[in-house]
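Trainee: To start, I am sharing the structure in question, which I have written as structure tokens.
The values are calculated or read from the model by the stated rules, or taken from the named source; none is laboratory data. Because the structure is a prediction, the values reported are computed rather than measured. Methodologically, a virtual Cβ is constructed for each residue, glycine included, from the backbone with ideal geometry; neighbour enumeration extends over all protein chains shown. What goes into the accessible areas is simple: the full protein's heavy atoms, side chains included, and nothing from ligands, DNA or RNA. Shrake-Rupley method; radii C 1.70, N 1.55, O 1.52, S 1.80 Å.
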Amino acid sequence: MMLAIGCLDALLFSGSPTVYSVLFLPACAACGLWVRPADLLAAPVTAPLAYTVGLLPINEGSAGFSGQAVGVFTALSLQAGWLYAGTLLAVVIVLVRRAVLVTRRRRQQRPRPSRHPRSPHYSSAAQARSRP
């Protein structure tokens, strides 16, 4: 999704890093909201990776691999505030979802009735005889 946003930003806004970074925030919110419950803790990790991949079409590096790498690293350092904000947004959403999930699971669990364990070899008649 961030690669598509980066390409769209390069076409419509001439690769504006600010526009890309602002659009990163709703993408992080979507990531935190739509990830399946089993992957909740992995969602915030993917946000910075997706941000970096989406920077490829809009970076201002020169030709070649090293020029592109320098452009991406420069954009990452200049837009670090947006990157941290989006990642923090995903973390907060994921933690809230996780807390709600744990609370629901605890409420659904029924307390087990407490009773003494009985051995299959210890009959009720033997229990009656052993009582004082």
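Trainee: Could you give every pair whose Cβ atoms fall below 7 Å, whose first residue belongs to the range 98-110 and is among the charged types (D, E, K, R) and modelled with pLDDT of 90 or more, and whose second residue is open to solvent by 70 Å² or more (accessible area, probe 1.4 Å) and assigned to a helix (DSSP H, G or I), counting only separations of at least 6 or pairs across chains?
Mentor: Listed by first residue and then by second, the contacts come to nothing, as the list is empty.
Trainee: Same structure, new question: How many residues are within 14 Å of A10 (Cα to Cα), modelled with pLDDT of 90 or more and among the polar types (S, T, N, Q) when one looks only at the range 46-66?
Mentor: 0
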